[in-house]
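Report on the structure given below.
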Amino acid sequence: MNIESIQGLGQHDEVAPLPSLPSAGAAQGVQAPFGNLVTEGLQQLNEQLKTSQTDLQQLALGETQNLHQVMVRLEESRIAFQVMLQARNRVLEAYQEVMRMQV
């Protein structure tokens with residue numbers, strides 16, 4: 001296989017680089033790496049699940065005042081966990097797809 005021709009390819013003049021999207025980190029001049037964003041998201045999900053567990057324990061002990069609020073938080077936690085699980089499944093599927101590629 002001849003790879004010299006591939007090395008000669010570079011950025012074309014007619015293709016302009018994509019502009020970066022504005023974000024909260026871009027306003028400060030610092031962008032968080034993807035790994036940090038994932039870690040923060042998992043930490044937020046963990047805190048949400050802990051809060052739901054505490055609410056459920058208080059409900060079982062009869063110490064809760066607002067049943068509606070407890071049920072809403074439980075459902076939000078369940079949905080957030082399902083979203084995280086589906087994202088994980090998609091990432092694993094993409095990884096497996098890349099690993100099946102023949103070079």
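The values are calculated or read from the model by the stated rules, or taken from the named source; none is laboratory data. A quick note: this is a predicted structure, and the numbers were derived from the prediction, not measured. All Cβ positions, even for glycine, are placed from backbone atoms using ideal geometry, and neighbour counts span all protein chains on display.
When the range 57-103 is filtered for residues that are more than 26 Å from the chain's Cα centre (by Cα) and either assigned to a loop (DSSP other than H, G, I, E, B) or under 22 Å from Glu40 (Cα atoms) (or both), the ones remaining, listed by number, are Gly62, Glu63, Thr64, Gln65, Asn66, Gln102, Val103.
Being under 30 Å from Ser77 (Cα atoms) and at pLDDT below 60 is a description that does not apply to Pro33. What number of residues within the range 49-76 satisfy the criterion of being in contact with a helix residue (DSSP H, G or I) (Cβ under 8 Å, 6 or more places away or on another chain) and basic (Lys, Arg)? Adding up the residues that qualify gives 1. Quick check on my filter: what residues within the range 36-56 are polar (S, T, N, Q) and closer than 17 Å to Glu76 by Cβ? If the condition is that a residue be polar (S, T, N, Q) and closer than 17 Å to Glu76 by Cβ, then Gln43, Gln44, Asn46, Gln48, Thr51, Ser52, Gln53, Thr54 are the ones that fit.
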